[in-house]
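The values are calculated or read from the model by the stated rules, or taken from the named source; none is laboratory data. Computed from a predicted model, the values in this text were never measured in an experiment. Methodologically, a virtual Cβ is constructed for each residue, glycine included, from the backbone with ideal geometry; neighbour enumeration extends over all protein chains shown. Calculation scope for accessible area: heavy atoms of the full protein, side chains included, ligands and nucleic acids excluded. Shrake-Rupley method; radii C 1.70, N 1.55, O 1.52, S 1.80 Å.
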Amino acid sequence: MSDIVFLNGEFVPLEKARIPVLDRGFIFGEGVYEVIPAYSRHPFRQPEHLRRLQRSLDAIRLANPMTDAEWTRLIHDLIARNVGEDQSIYLQVTRGAAKRDHAFPKDAKPTVFMMSSPLATPTREMVERGAAAVSATDYRWLRCDVKVTSLLANCLLRQHALDAGVEEVVLFRDGYLTEGSACNVLVVRNGTLLAPPKNHLVLPGITCDVVLELAAAKSVPVEVREITQDEVLSADELWLTSSAKEVLAITTLDGRPVGSGKPGAVFKAIHQAFQEFKRKVMRQAA
Ligand code: PMP
């Protein structure tokens, strides 16, 4: 069975979906997107994802082509039309096709695209082993808080990690932690969970928010503040969070073990809390 995607008002098989080459998403990378995990066919934290989509659209000065009720209906429809209980729902809006000119076109119609892929959360073995990462300089632009489709720097940084034989980069700008190429990064020092402030240098991660809420609920002290590179390099634990990876320990950084080199005690407690929270939310949605 072929994947069914949504493009500009209709559901079509993936191989039938076509956009004009003058689409500004293709020409300029001018669009925004979201990735929403769906567990047991129920979208997780969907209102938060739609709120972030609105924020991204506002940032690029593009009117939302649909209401939240329309997005909700389409997301459920897309999930129903695709196989798999756990799906990763991708949605993208670009400014549409127009004669190539940097200035915004007067009458272009936004292109709306949605697809579903299998949601591949980390295996038990990956959770128990943790991920390896390398440090890198964050040379992305100064609006990393906006989820834009122009991801060239993120692709280069992810490939840098893969070329080094590891999964992710831990990015630093001017000596301070920002995030990873496709995830947020959290630090544990002396039992306190540290998170970089939400500003223009990091994406406000939906999973990161869940993890910070769960930590607070478990009485883990949480501090949101600038984190120096030295604090990261001497951390007891490092975690990454994203919709695809959920929460995963980073157990080696630049070839050296982080803390004991194994997922730490605080990680284990929060990872378990995350799995329980997910099950609870899905039970309520069913
Ligand atoms: N930062 C970046 C750069 C990302 O690409 C992602 C994943 N979309 C995240 C953080 C994590 O965000 P979320 O938890 O909402 O998936």
Those residues of segment 179-205 that are of a type in the set (A, V, I, L, M, F, W, C), near the ligand (Cβ under 10 Å from one of its atoms) and open to solvent by less than 20 Å² (accessible area, probe 1.4 Å) come to a total of 3
Residues in segment 205-223 that are in contact with a strand residue (DSSP E or B) (Cβ under 6 Å, 6 or more places away or on another chain) and either charged (D, E, K, R) or within 16 Å of V266 (Cβ to Cβ) (or both) total 9
All but one of (1) among the small types (G, A, S); (2) more than 14 Å from the ligand (Cβ to nearest atom); (3) open to solvent by less than 60 Å² (accessible area, probe 1.4 Å); (4) part of a loop (DSSP other than H, G, I, E, B) hold for G165, so report the exception by its number. (3)
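Is it the case that some residue within segment 28-50 is over 17 Å from S243 (Cβ atoms) and over 19 Å from the mean Cα position of the chain (by Cα)?
Yes, segment 28-50 has at least one match.
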I'm trying to understand the selection: among the residues of segment 43-84, which are without any contact (Cβ under 8 Å) to a residue 60 or more places away in the chain, farther than 16 Å from Y33 by Cβ, part of a helix (DSSP H, G or I) and away from the ligand (no atom under 15 Å from the Cβ)? D68, A69, E70, T72, R73, H76, I79, A80
Of all the strands (runs of 3 or more DSSP E) wholly in segment 180-281, which have at least 1 residues that are within 28 Å of R51 (Cβ to Cβ) and of a type in the set (G, A, S)? 192-195, 237-242
Within segment 87-107, tally of residues that are open to solvent by 30 Å² or more (accessible area, probe 1.4 Å) and either touching a Lys or Arg at 6+ places or on another chain (Cβ under 6 Å) or not aliphatic (A, V, I, L, M) (or both): 10
Which numbered condition M126 misses (of (1) open to solvent by 30 Å² or more (accessible area, probe 1.4 Å); (2) under 30 Å from F11 (Cα atoms)): (2)
Looking at (1) away from the ligand (no atom under 13 Å from the Cβ); (2) more than 29 Å from R24 (Cβ to Cβ); (3) part of a helix (DSSP H, G or I), which one does H160 not meet, given that it meets all the others? (2)
Output for Cβ contacts, cut-off 7 Å, separation at least six or different chains, first residue touching a residue at least 24 places away in the same chain (Cβ under 8 Å) and in the same structural domain as E15 (by TED's automatic domain parsing) in segment 105-121, second of a type in the set (S, T, N, Q) and open to solvent by 60 Å² or more (accessible area, probe 1.4 Å), reads T111/N8; V112/N8
Return a yes/no flag: does segment 216-232 have any residue that is of a type outside the set (F, W, Y), over 22 Å from F277 (Cα atoms) and buried (at least 21 other Cβ atoms within 10 Å of the Cβ). yes
Taking the condition of being at positive phi and in contact (Cβ under 8 Å) with a residue 24 or more places away in the chain, how many residues in segment 160-178 meet it? 2
